[in-house]
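None of the figures in this text is laboratory data; all of them are computed from the coordinates on show. Please read all numbers here as calculations on a predicted model, not as lab measurements.
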């Protein structure tokens with residue numbers, strides 16, 4: 001939800017709010033599923049449900065992280081960037097899988 005917008009010359013500064021209260025509880029409930037996040041065919045795995053604002057805050061503190069995971073063509077670097085996020089305290093409340101073995 002947009003709370004406030006300030007216009008200064010050619011720039012805009014906005015304040016957003018997002019209710020994330022239910023997401024950690026939802027993730028905790030899903031983590032109890034015996035499938036460990038894998039789909040029926042085991043070709044995909046859901047490891048968490050991360051609010052966009054959480055990822056944007058992580059990017060603010062780790063400049064360039066979002067570009068590494070979204071615009072980077074180097075698969076190894078993209079995978080490393082995601083691993084850094086998943087191992088951080090930012091991701092832990094939203095994880096559905098206790099441990100990733102990779």
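For the chain, what is the mean residue ellipticity at 222 nm derived from helices alone (per DSSP H run of n ≥ 4: -39500 (n - 2.57); sum divided by total residues; nearest 500 deg cm²/dmol)?
-10500 deg cm²/dmol
Give me the number: length gained by fully extending residue 75 to residue 61, i.e. 0.36 nm times residue separation minus the C-alpha to C-alpha distance, one decimal in nm.
That works out to 2.8 nm of additional length.
To test your reading of the geometry: what angle, between 0 and 90 degrees and rounded to tens, separates the Cα axis of helix 22-31 from the longest principal axis of the chain?
20 degrees
Over the alpha-carbon set of the chain, work out the extent along each principal axis and list the three values in angstrom, largest first.
For the chain, the Cα extents along the three principal axes come out at 53, 34, 24 Å.
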